[in-house]
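Asks: Pasting in a structure now, in structure tokens, and then I'll have a few things to ask.
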Amino acid sequence: MALKAQVLYDFTAEPGNNELTVKEGETVTVTNQHIGGGWIEAQNSRGDVGLVPEDYIELNKSPLPSFPAANVGNVASSDLSFFDAFAPASTQQNQAHSNGNDPWSTWNADPSAGSSNNWASNPEGTQTGKPAPVDSWGGAPQGHPQAYQGPGAEDDEWDDEWDDKSTGGYGESEPGDGSGLQRGGAHASMKIKFPGFSKSGPELYLLCKQIAKGKDKLPIYMGEVGPVWLYPESQLDCVVADPKKGSKMYGLKSYIEYQITPNTTNRPVNHRYKHFDWLYERLLDKFGSAVPIPSLPDKQVTGRFEEEFIKMRMERLQGWMSRMCRHPVIAGSEVFQLFLTYKDEKDWKMGKRKAEKDETVGVMIFTTVEPEAADLDPIEVEQKCEQFSRFTKAMDDGVKEILTVGHEHWKRCTGPLPKEYQRIGKAFQNLSSVFTSSGYQGEVTLTDAMTAAGKTYEEIAQLVAEQPKKDLHFLMETNNEYKGLLGCFPDTIGVHKAAIEKVKEGDKLVATSKISPQEKAVMAKRVSTMSYALQAEMNHFHSNRIYDYNRVMQLYLEEQVKFYETIAAKLRQAHSQFTTM
């Protein structure tokens, strides 16, 4: 007997992964409930069979007779484009069909992406393979014992493929979750998370009766520029490299695993994208109220295994990890060190569970901050906070302008501009062919020079098309990182503003006997601690900003100089072939 099920949300199959496209309201027949990992095998009314996310369907209570299955491979597919992370929100949709050479334009997913692999296409336990044994207690079969799936793969939460099916960097909501966007097509819904958003208001920290003892402390001392974090003697760094394709669920599901090698141990560890996402969540929960945690690079549904996409994602993961390594609070944290240096599966699982049970999260992170100076003047702090808020807003506008202009320039360099140079080159060569037909003696030198000039402009067209990858790419990547980072600051600053407002209300709270005068004094002291953390973060941001923009502008201009010098040399060579009468 087979079960009928109602489809709750649209789901579009990914090519090469034995999935089944289904539409909301459609009725399907469940052919195997024991696939595992949050998936079931189902058959639609046309006889196609494939995998569907378990939470996308609702089983009917009464079983119905089963039907013969068709080939799993005949599943419908849909191409979900990966929209440009750099273009302004107002122009992204209009750029969906821009030049394919532009990495800030739509990713043109290869319909065969992920399908050409060496993993089994007819796994046991499906209608296309041998029946899988199910024990008398109704347990689901386990994954292939030789398929290493990364740290924590044996845990249910790691077997879930939600990270591979969402398109944004914020995770995915469960069915019926009011905080998510409605699922539709190949787009899974996303649970919106705001960087820097604490689990509770600042009063939880301001009014807590007792500060936890024995927690790792975050010292702040007064430097030349004001409050600064305590920086380590040696800078932590890591290399993200060597992406490899792996599989799970008898080869039904594929993923990319990256090798991360920290400079402290020089011993590589392996992580999937979902592990990076787990780290982001932990850092956001723990430090988001004090330290802006930029989001990870966006997720991708189709075309995830294309070489160019993997290269781009690895580069952006490298940028994100490098920025985290440069922050003294993040780099020294236990959860970040676990991610970089776990020894084995057991070590990872224990560290993971410890991190998930950490109670020093949200605004309670300020209980670990220890300023090595006197309390700050709240009025002065408020003024600096407002000034920094205005600066980050203005910088955010400037960064977005660079991204907009850069995106337009990239499209021009890979589209119309090379064509213009090619037209000039062709025109010179066409005129040269006319001169050749004149039959006039002494024409050869001129026609050869004209032809060479035409070919020079065709070479320049090629240089123009390739140049953005050498200079503009790095400028855009840096500004995109800062766009994400600047987007975190309003929430981080908002936590401090809310705390200052609470202290301002202190007199009213004392007058109404809601708090004691002693509690108000404690609140004021704790706001000073929060202000030290904010100013330390401001100074860290400015220090990194000066370093980053010095570096990227030098690189950009150096490459521009090389570019124009190469063009000038080619033009001089073409010029030298013409004789002076």
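Asks: Given labels modelled 7 Å from the Cα in the Cβ direction, how far is it in nm from Ala569 to Glu224?
Replies: With each label placed 7 Å out from Cα toward Cβ, I get 4.0 nm.
Asks: Please label the shape of the stretch 278-390 as rounded, prolate or oblate, based on the square roots a ≥ b ≥ c of the eigenvalues of the alpha-carbon gyration tensor (a/c under 1.5 means rounded; beyond that, a/b larger than b/c means prolate, else oblate).
Replies: On the way: a/c = 2.69, a/b = 1.49, b/c = 1.81.
Note, shape of the stretch 278-390 comes out oblate.
Asks: Of the GluC sites (Glu not before Pro) in the stretch 369-409, which ones lie in a loop per DSSP and count no more than 14 other C-beta atoms within 10 Å?
Replies: Values: sites: Glu372, Glu380, Glu382, Glu386, Glu401, Glu408; in loops: Glu372.
Hits after loop and neighbour filter: Glu372.
Asks: Around Tyr231, which amide H atoms from residues at least 5 apart in sequence, or from another chain, sit under 5 Å from its own amide H, with H modelled in the peptide plane?
Replies: none
Asks: May I pose another question? With a 1.4 Å probe and every protein chain left in place, tell me how much accessible area Leu557 has, in Å² to the nearest 10.
Replies: About 90 Å², ignoring ligands and nucleic acids.
Asks: Also, I was wondering about something else. For Leu376, what accessible area in Å² do you get when you roll a 1.4 Å probe over the heavy atoms of the protein chains, rounding to the nearest 10?
Replies: Per-residue accessible area (Leu376): approximately 40 Å².
Asks: On average, how much accessible surface per residue is there in the stretch 388-439, in Å², for a 1.4 Å probe, leaving out ligands, DNA and RNA?
Replies: Details: 3120 Å² over 52 residues.
For the stretch 388-439, the solvent-accessible area averages 60 Å² per residue.
Asks: Order Arg423, Arg545 by their accessible area, 1.4 angstrom probe, all chains in place, largest first.
Replies: Numbers: Arg423 180, Arg545 60 Å².
Listed by decreasing accessible area, they come as Arg423, Arg545.
Asks: Please list, ordered by chain and number, the residues whose modelled amide H lies under 5 Å from the amide H of Asp471; skip anything fewer than 5 residues away on the same chain.
Replies: Close amide H contacts, sequence-distant or interchain: none at all.
Asks: In this model, which of Lys217/Lys343; Lys245/Lys400; Lys411/Lys562; Lys209/Lys384; Lys245/Lys349; Lys352/Lys520 are farther than 27 Å apart at the alpha-carbon?
Replies: Numbers: Lys217/Lys343 25 Å; Lys245/Lys400 35 Å; Lys411/Lys562 21 Å; Lys209/Lys384 29 Å; Lys245/Lys349 23 Å; Lys352/Lys520 38 Å.
The answer is Lys245/Lys400; Lys209/Lys384; Lys352/Lys520.
Asks: Run the 1.4 Å probe and let me know the accessible area of Ser322, rounded to the nearest 10 Å².
Replies: 30 Å²
Asks: If we count every other residue with Cβ under 13 angstrom of Ser45's Cβ, Lys/Arg +1 and Asp/Glu -1, where does the sum land? Walk me through the numbers before you get to the answer.
Replies: Details: positive: Lys4, Lys23, Arg46; negative: Glu26, Asp48.
Surrounding charge for Ser45 is +1.
Asks: Quick one: net charge around Asp347, please, counting Lys, Arg +1 and Asp, Glu -1 for every other residue with C-beta under 12 Å from its C-beta.
Replies: On the way: positive: Lys343, Lys346, Lys349, Lys352, Arg353, Lys354; negative: Asp344, Glu345.
That sum, taken over residues with Cβ under 12 Å, equals +4.
The values are calculated or read from the model by the stated rules, or taken from the named source; none is laboratory data. Since the model is a prediction, treat every value here as computed from it, not as a measurement. Reconstructed Cβ throughout: ideal geometry from the backbone, glycine too, with neighbour counts over all protein chains shown. Note: areas computed on protein heavy atoms with side chains; ligands, DNA, RNA excluded. Shrake-Rupley method; radii C 1.70, N 1.55, O 1.52, S 1.80 Å.
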